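The values are calculated or read from the model by the stated rules, or taken from the named source; none is laboratory data. Just so it is clear, the structure is predicted and the values come from calculations on it, not from any experiment. Because the Cβ atoms are built from the backbone with ideal geometry, glycine has one as well, and the counts that use them run over all protein chains shown. The area values use the complete protein model at the heavy-atom level, side chains included, leaving out ligands, DNA and RNA. Shrake-Rupley method; radii C 1.70, N 1.55, O 1.52, S 1.80 Å.
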Amino acid sequence: METTGRLGERGVAAAAQGMPADARRSVDGYLMAGFPWYGLDEAFTGPRWLMRVGAAADGIVEYGSTGHGEEPSLKVETDMDQQRFTVVVTVASRPGRDSADGTGKLEATSVSSAAWLAGSGLLSCTWPTRMERALRQDWLDQQTAIAWELADDLAGESWSQLSLPVDGVPTDFHYRESEYGWVLAGTAGEDVHIGAYGRGVSAYGLGFAVVKDITRYDS
């Protein structure tokens, strides 16, 4: 995450989340990652599907998402209130470092990184499709800026604490709800941070676990 280009990062992050099936990447990007992927644990028995991975300029995979339930759709005829899905975002834990081309710095990843990716992901698949076209981008820009500010203030009053199991171990997450759904973020061990977002599904009964076979999601 470049310290000199957060606006650019916002666009990339939003594009990598909440994408419909025809815009998804194959499982290949997930297999290239040097960190474990997370999804819902075995208590979830519904459909599982891949979204997209995000990579640095040098091609190293930095984050990606796994989907559970109904794939979100932005089609005008879709009733947003009837959609039920949970997306789990896995972000590699990285220290601050030089960019691949040596022209800038990449920020260390953190729980805030996971919170931002989850927040922007929720927006990208729940924004009001019936809004006048001329107003959509302004609305999305405004809400995206708010999501960024919230992710940078995890100790603020907009967030509460929620304990959920990660590989069977109770883990504390930062959690918030909005009219569009819910977002949470926390850390799983030393290798990754976890973000998640959903709509039509309660976060309170969820559990997360390492995905043992990512090809299981490649339907």
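Quick notes on this structure:
- Within the range 163-183, the residues that satisfy the criterion of being open to solvent by less than 50 Å² (accessible area, probe 1.4 Å), of a type in the set (Val, Ile, Thr) and either over 21 Å from Ser120 (Cα atoms) or more than 16 Å from the chain's Cα centre (by Cα) (or both) are Val166, Thr171.
- Condition met for Ala155 (among the small types (Gly, Ala, Ser), part of a helix (DSSP H, G or I), open to solvent by 30 Å² or more (accessible area, probe 1.4 Å) and farther than 30 Å from Asp28 by Cα): no
- Residues of the range 27-54 that are open to solvent by 60 Å² or more (accessible area, probe 1.4 Å) and in contact (Cβ under 8 Å) with a residue 12 or more places away in the chain: Leu31, Met32, Gly34, Glu42, Ala43, Pro47.
- Qualifying position, being at pLDDT 85 or above and part of a loop (DSSP other than H, G, I, E, B), among Ala57, Ala43: Ala43
- Applying the condition of being part of a loop (DSSP other than H, G, I, E, B) and among the β-branched types (Val, Ile, Thr) to the range 184-218 and asking which residue is most open to solvent (accessible area, probe 1.4 Å) yields Val201.
- The set of residues in the range 191-200 being among the aliphatic types (A, V, I, L, M) and modelled with pLDDT of 95 or more consists of Ile194, Ala196.
- Residue within the range 109-122 that is farther than 18 Å from Ser65 by Cα and either at pLDDT 95 or above or not in a strand (DSSP E or B) (or both) present: no
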